[in-house]
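Report on one structure; see the data block that follows.
The values are calculated or read from the model by the stated rules, or taken from the named source; none is laboratory data. None of these values were measured; they are calculated from a predicted model. Every residue, glycine among them, receives a Cβ derived from its backbone with ideal geometry; neighbour counts consider all protein chains shown.
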Amino acid sequence: MKLSALLVSNLSTVGLILGAMMLVALLETAMPLHRREYWHRAHLAPNLALTFITFGTNVFLNAGLVVLLLRLQASGFGILRWWGLGTVWAGVIAVVALDFSFYVAHVAMHKLPALWKVHRVHHSDPVVDVTTTIRQHLFEGLIRYAFMGVFACALGVGLGAFTVYRVWSALGGLLEHANFRVPRWLDTALSCLTTWPNMHKVHHSRDARETDTNYGNIFSWFDRLFATFTPSHRGESVECGLDGFDEASKQTTKGLLAMPFGRDDRASTVGNVTTVTR
């Protein structure tokens, strides 16, 4: 497959994601979880700026990884191929394994100080809605693709399974961050299997005890398996953002791009003691 064809395919996927973002934004308008206030308006421009920067870098990262996967496929390399699994089972295992790679990368970005400095660009949003989904530093794309690439190459993930995972992951991310109201019973039921809006909003809490839970992207299994799950109903009323990063200058596009290079002064109150959490 030629690189030009890959880039065109990736750009088509970007168009799909943008269309889905608009649909989710309409849902947010029709049935909002939280009323739109100052920060919902103020964060729109920088969030969209970082979104398009991420699209610009990820198009090339994705194309490069696809080329590598096709070469591995041609050489017969990969654990899934060595096991001799059929296309369907290999695809299912590949999607679950790639989602696990997201979980591992996400936990690493919270636990390793250097990676947290990059990831906090995403967490510093004072409110969470669909535009928060791809509000991330361009370095975060490199981190995520590095983890995903290791898993995908070792397993020998097929192009079809990789495409399914990438599209599902992106569309699921839009729903996870959406500021729309979901009946508690439905959200609770869906969070038994997948990561849904209220479950993920817990992860955006200012309280580090909640922030360091609910890392999952597509499936909620890994949070349950590794005891990092917090019930989804808590997400209905969390206060989002990071203490120390609400200044207007830090919430501009320039401020967000510079954030990984600044001092990490986020603090949280645990009981009656204030502790620096990163």
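Quick check on the stretch 92-106. Is at least one of its residues in contact with a Gly (Cβ under 7 Å, 6 or more places away or on another chain) and surrounded by 15 or more Cβ atoms within 10 Å (Cβ to Cβ)? For the stretch 92-106, residues in contact with a Gly (Cβ under 7 Å, 6 or more places away or on another chain) and surrounded by 15 or more Cβ atoms within 10 Å (Cβ to Cβ): present.
Conditions tested, residue by residue: (1) modelled with pLDDT of 95 or more; (2) among the charged types (D, E, K, R).
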{"site": "ALA146", "(1), (2)": "yes, no"}
{"site": "CYS153", "(1), (2)": "yes, no"}
{"site": "PHE180", "(1), (2)": "no, no"}
{"site": "ALA189", "(1), (2)": "no, no"}
{"site": "ASP212", "(1), (2)": "yes, yes"}
{"site": "GLY216", "(1), (2)": "yes, no"}
{"site": "SER220", "(1), (2)": "yes, no"}
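Checked against the criterion of being touching a His at 6+ places or on another chain (Cβ under 7 Å), crowded, with 21+ Cβ neighbours inside 10 Å and outside any helix (DSSP H, G or I), the stretch 140-160 contains not a single residue that satisfies it. Tell me whether the stretch 62-82 contains one or more residues that are in a helix (DSSP H, G or I) and under 24 Å from ASP129 (Cα atoms). No - not one qualifying residue is present in the stretch 62-82. Take the conditions (1) out of contact with any Gly (no Cβ under 7 Å at 6 or more places or on another chain); (2) surrounded by 17 or more Cβ atoms within 10 Å (Cβ to Cβ); (3) modelled with pLDDT under 95; ILE53 misses just one of them, which is (3). For the stretch 77-110, the set of residues classified as on the phi > 0 side of the Ramachandran plot and free of Cβ contacts under 8 Å to residues at least 60 places away in the same chain consists of GLY84 only.
Figure legend. Inter-residue proximity from the stretch 118-131: first residues buried (at least 22 other Cβ atoms within 10 Å of the Cβ), second residues among the aromatic types (Phe, Trp, Tyr) and at pLDDT 95 or above, beta-carbon distance below 6 Å, spacing 6+ or different chains. Indicated pairs: SER124/PHE245. When the stretch 24-41 is filtered for residues that are exposed (fewer than 13 other Cβ atoms within 10 Å of the Cβ) and in a helix (DSSP H, G or I), the ones remaining, listed by number, are LEU26, THR29, ALA30, TYR38, ARG41.
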